[in-house]
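The values are calculated or read from the model by the stated rules, or taken from the named source; none is laboratory data. Model, not experiment: these values are computed from the prediction. For neighbour counting, all protein chains shown are included, and Cβ atoms are generated from backbone atoms with ideal geometry for every residue, glycine included.
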Amino acid sequence: MPSSGDPNTTDEFPPMAREEERVVLARRLPKAELHMHHVGSLAPSELARLHRQTTGVGLSRVEADAAYDLRSLGKFFDDLDKAVRLWGDEALVTEGVLRMIAGAYDRGVRHLELLCTPDLHRDEIGMEPDVLLRAVGEAFRVAGDELGLTGGIIIELHRFGGPRAALDLVEQTAALREKGVPILGYGNDGDHHTVPFEALAPAYERARAEGYRLTGHADVIEDVAAALDLGLDRIDHGWMGVDDPDVLRRLRATRTPMTFTPTAYALGGLVSRTGYVDAWRILDDSGVPLLLGTDDPELFHTDLAQDYALMANAVQWSNEQLGAAAKRSLEHAWFLDGDGAEVRAHWFAEIDALVADPRSPHRGRPTGC
């Protein structure tokens, strides 16, 4: 606090330590969230609210704790299925996504790409893909008007369903963008033990033919190789590729951008002979663009500010390196209209100001947002 009680005092706040500045910047820097799942972003408070609204009964503390208690891959997917069942209609979906966006925005997210798995909703509650995606799209429309937030939806092919279901999903949803649904691209999700990554090639090729960008979850080395074979625009996870010299060589050659979700890895979300921090250093030194994200932030007890702070402390970033990570996320963001150059330029200027002074005031939203 200022040293004087006089409201007109010109006394300045004392300087912060480097570690303190990193934590403040991790939250304040404008950044793009490029790996955040819709279902895994159901906050505990929202779970309790929806449970009472849909069942008429409050959620016990034991039940609430159990919903966010990560013990196994099987339980993880079961918890996602349970979360889906709480969003029974379009209005609930839109309201839920707006709450997720607001939470991310409060932690510096200015562009958000939300990963949605329509087949999961259809299987669990009978909600058709177009209904889900329109409801999510409405949330982005409101967030754009109220907050100036950009971004949209990445449709996830559900690996549990197999290649035919994946192709069907692309055919059912590709035209929705022309009808105003903010679809940015296609990815994949689900247990990698069920269907080989390469089996999704027909669906990916159809999405590419429709003009969409492509990403996908690469959870084992074989997935990374398959993603490179398919020429995806981005890879989700994939850092275990450093364990295979040939795959690492290909990553170095292509410099395919890769989303990286450190808190999920710290909790044991993926395993590799190489630890995730060392993998970051290897890939970063190789010129692979690494883009920080949260994955399933509520299930992994994190948010994007925390993930930035975690990596900043793990590799001892300077303020300038923190700012560079935030810029990199925006450089590789996907925009619906044009290349986003004006939006990026605005946020880059704010990043520069905050790096120079973490107490710097925000500069508002870009013109036209």
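When I221 is evaluated against the numbered criteria (1) in contact (Cβ under 8 Å) with a residue 24 or more places away in the chain; (2) farther than 20 Å from G190 by Cβ, which criterion, by number, is the only one it fails? The failed condition is (2). Residues in the range 234-273 that are outside any strand (DSSP E or B), touching a Phe, Trp or Tyr at 6+ places or on another chain (Cβ under 8 Å) and either β-branched (V, I, T) or without any contact (Cβ under 8 Å) to a residue 60 or more places away in the chain (or both): W239, T261, P262, T263, A264, Y265, A266, G269, L270, S272.
Do we have K82 as farther than 26 Å from L147 by Cβ, modelled with pLDDT of 75 or more and either exposed (fewer than 15 other Cβ atoms within 10 Å of the Cβ) or within 24 Å of the chain's Cα centre (by Cα) (or both) here? Yes. Residues of the range 297-313 that are of a type outside the set (D, E), modelled with pLDDT of 95 or more and in a helix (DSSP H, G or I): L304, A305, Q306, Y308, A309, L310, M311, A312. Taking first residues from the range 316-344 that are without any contact (Cβ under 8 Å) to a residue 24 or more places away in the chain and closer than 22 Å to L147 by Cβ and partners that are in a helix (DSSP H, G or I) and of a type in the set (A, V, I, L, M, F, W, C), the Cβ contacts under 9 Å between residues at least 6 apart in sequence or on separate chains come to R344/L330.
In the set P366, P361, only one residue is farther than 22 Å from P289 by Cβ, in contact (Cβ under 8 Å) with a residue 60 or more places away in the chain and either part of a loop (DSSP other than H, G, I, E, B) or of a type in the set (K, R) (or both); that residue is P366.
Looking across the range 37-59 at every residue that is among the aliphatic types (A, V, I, L, M), part of a helix (DSSP H, G or I) and more than 23 Å from H237 (Cβ to Cβ), the one that is nearest to the chain's Cα centre (by Cα) is identified as L47.
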